[in-house]
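Comments concern the structure below.
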Amino acid sequence: MLAILELWCNQPEADSDQAAGTMAEMILHMLGLSPDEARDLARRPLPAAA
């Protein structure tokens, strides 16, 4: 999370959506999902708010 905040502050022109997706994928993999599962889950759209 700190890496994403630093990116937003220091490089506002960077693709923050791509960076957030990559960070989510890495965290899911660290939590035990396979690389393919983590990539699939991180790239899915968020569910609609209730």
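Of everything in segment 41-50 that is part of a helix (DSSP H, G or I) and hydrophobic (A, V, I, L, M, F, W, C), the residue that is least open to solvent (accessible area, probe 1.4 Å) is ALA42. The residue of segment 8-40 that is least open to solvent (accessible area, probe 1.4 Å), among those that are part of a loop (DSSP other than H, G, I, E, B) and among the acidic types (Asp, Glu), is ASP15.
The values are calculated or read from the model by the stated rules, or taken from the named source; none is laboratory data. This one's a predicted model, so the numbers in the text were calculated from it and none came from an experiment. Remember, those area values only see protein heavy atoms, side chains included, never the ligands or the DNA or RNA. Shrake-Rupley method; radii C 1.70, N 1.55, O 1.52, S 1.80 Å.
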